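Single-structure report; data block below.
Just so you know, all these numbers are worked out from the coordinates, no wet-lab data involved. The structure presented is a predicted model; accordingly, all values stated were derived computationally and were not measured. Neighbour counts run over all protein chains shown; Cβ positions are idealised from the backbone, glycine included.
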Amino acid sequence: MAILEVRGIKKSFGDTNVLKGIDFSLEKGEVLAIIGSSGSGKTTLLRCLNFLEFADEGTIAVNDEVLYDGAAEKVAKKKLKHNDGMLRKKRLHFGLVFQNFNLFPHKSVIDNLMLAPVLQAKSELSFIERWRFEKSRAYAAIREKALATLSRVGLAEKKNNYPCELSGGQQQRVAIARALVMNPDILCFDEPTSALDPELTGEVLKVIRELKDTDTTMIVVTHEMEFASDVADKVIYMADGVIEEAGTPEEVFRHPKSEKTKAFLSSRKTAAGGKDE
Amino acid sequence: MSFLDVTLYLLNGFKLTCLLFALTLVFALPLGLLISFCTMSRIKPLSILFKIIVWIVRGIPLMLQIFIIYYVPGFLNNNIFAKVDLYFLLNYQVQDMGRFIAVVIAFSINYACYFSEIYRGGIQSIPNGQYEACAVLGMTKGQTFSHVILPQVVKRIVPPMSNEIITLVKDTALARVILVTELIMKAERLMASALVWPLFYTGVFYLIFVGVLTLLFGFIEKKMSYYKV
Ligand SMILES: Nc1ncnc2c1ncn2[C@@H]1O[C@H](COP(=O)(O)OP(=O)(O)OP(=O)(O)O)[C@@H](O)[C@H]1O
Ligand SMILES: [Mg+2]
């Protein structure tokens, strides 16, 4: 049974058709790498999955539950956008790690992780219980989980630091931990290393590799071809809003069928080769 | 009158100056936030209406606004502030309460409009990514604003706010245009008995007040420098 089933996603901004019908599915524990040149719609696709944008057409189903149906939303589009409560529940199926981290600068690392779970737990409590929440067992459990997640990304000793006191790589690892704490079914990454200095990308990619070992279902938009071919179970090459080529890393990287894919991959190779010299 | 006598006499007026200052802040700080929400609202008529209000309030001298608030109800044959004056005088032996309330209203509206623009600048300077990070973590709009946006806005607006608040200290002197006996008006009364120096002496009161505020804002800024953006 597929954990994620995406069918016929279309999205346009004004006259520009950014996504022209995207289909794919993902099994539990699988890692999907999405590659493609700039402007091909990779970010837009992730944003549609996380409901930061609303697809014009198509369906998104997680665990066989249809979360989004563009055709139905077209009729009642306004309803979904304003129905905050429902939308929030749907969003929690997905986690998103941003290119530029988007950590909360005024919160310590541990508070960055705990803010959303604490607010979520508090919102189910009565007014009086909220006052004493920080002494409750539920709060202790959230804190414990946050600390455990921080250890997972190797930053336990930074828990009381502020984001501005961390390196870019460490900040991105905090952002990954923050997304993990919410227990998403599918964790999405939008070019998690492209805002980092080259020597810092390794630590972030290592964390993602370790997540794969613990059966985390992930979608990674990346320009790191080597990483994609190592870690991914499936690779999608996107061009101009369509999936130009999809398959295992072996199929896409070693035996691409489409001319566009071949051209893209060879341009990447020369770019990478140029960098080494 | 000795120096001490004059000081005590002026302190009486200074009390009113301080009260006007404090009440204006109490009302204008939250009201300003509310107005900034209205000017940023996606409901077009609402945002246009409040933008016009802010334009008018910031465009007309505060002195004129005090006159308008105090006298216009009188023209409408319903001199509410005079009635309040009388009521307080008869019941509590407090003089000029109506005038004082009129000044507080005028100051609160005026400063709320200035503050609203500072809030707006602060809120709009928070990157969109912060909202999106909150959305992806399943936070509500209210939670996002109160736990993530507002704390960051506060840090950013402390310098412009302190500027505006220091201006408020000195603007309180305008209250005397409708005969509210604040500090300078007290000093002017002494001039009737040929004492001129107290008028200049009032400057010391303002200087000390502003000095204390400057220290306070410096302290707040320092307190909030635990993180950088
Ligand atoms: N909010 C928007 N309004 C209008 N156009 C948009 C919007 N968001 C994205 N686009 C357009 O959609 C196209 C695809 O953008 P997208 O960010 O999804 O590409 P991408 O594949 O992530 O590229 P990159 O590799 O540079 O990140 C671009 O042409 C972009 O200009
Ligand atoms: Mg992108």
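Below 8 Å between Cα atoms, with a sequence gap of 6+, how large is the relative contact order for chain B in percent?
Dividing the mean separation by the residue count of chain B yields 27 percent.
With springs connecting C-alpha atoms under 10 Å apart, model chain B as a Gaussian network and identify which of B:63, B:97, B:139 has the largest mean-square fluctuation.
B:139
Listed here are the pairs A:107/A:159; B:44/B:155; A:206/A:262; A:212/A:262; A:11/A:90; which of them are more than 21 Å apart at the Cα?
Cα-Cα > 21 Å for B:44/B:155; A:206/A:262; A:212/A:262; rest within.
Using the charge dipole of the protein assembly as shown (Lys, Arg: +1 at Cβ; Asp, Glu: -1 at Cβ; taken about the Cα centre), state which of A:92, A:148, B:36 has its Cα farthest towards the positive end.
With unit charges placed on the Cβ atoms, the residue in question is B:36.
Under a 5 Å amide H to amide H cut-off, with H placed in plane at 1.01 Å, what residues pair with residue A:57 once short-range neighbours are removed?
The answer is A:10.
Once both axes come from the Cα atoms, what is the angle between helix A:198-213 and the longest principal axis of chain A, in degrees from 0 to 90, rounded to 10?
Taking the Cα atoms of chain A, the angle to A:198-213 is about 80 degrees.
What FRET efficiency would be calculated for the residue pair residue A:129, residue B:179, taking the C-beta separation as r and a Förster radius of 60 Å, to the nearest 0.05?
0.65
Reachable lysines from residue B:186, Cα under 30 Å, same-chain residues fewer than 8 places away excluded?
B:15, B:83, B:170
For helix A:137-152, what angle does its Cα long axis make with the longest principal axis of chain A, in degrees from 0 to 90 and rounded to 10?
For A:137-152 against chain A, the angle is about 40 degrees.
Quick one: helix A:259-276 against the long Cα principal axis of chain A, what's the angle to the nearest 10°, folded into 0 to 90?
70 degrees
Given the DSSP H assignment, sum -39500 (n - 2.57) over each helix run of at least 4 residues in the protein assembly as shown and divide by its residue total; what's the result at 222 nm in deg cm²/dmol, nearest 500?
It comes out at -19000 deg cm²/dmol, rounded to the nearest 500.
What is the set of long-range amide H partners of residue A:96 at a cut-off below 5 Å, with H atoms built 1.01 Å from backbone N?
A:188
Using modelled backbone amide H atoms (1.01 Å from N, in-plane), which distant-in-sequence or interchain residues come within less than 5 Å of residue A:245's amide H?
Excluding prolines and chain starts, which carry no amide H, the hits are A:237.
For chain B, which DSSP H helices look membrane-span-like by this rule: Cα extent along the axis of 18 Å or more and mean Kyte-Doolittle of at least 1.6?
B:3-40, B:62-75
Would you mind computing, in nm to one decimal, how far apart the modelled labels at residue A:148 and residue B:124 are, each placed 7 Å from Cα along Cα→Cβ?
For the pair residue A:148/residue B:124, the computed spacing is 4.6 nm.
Other chains near B:137-148: what is the mean number of their Cβ atoms within 10 Å of each residue's Cβ?
Taking all residues of B:137-148 together, the mean is 6.
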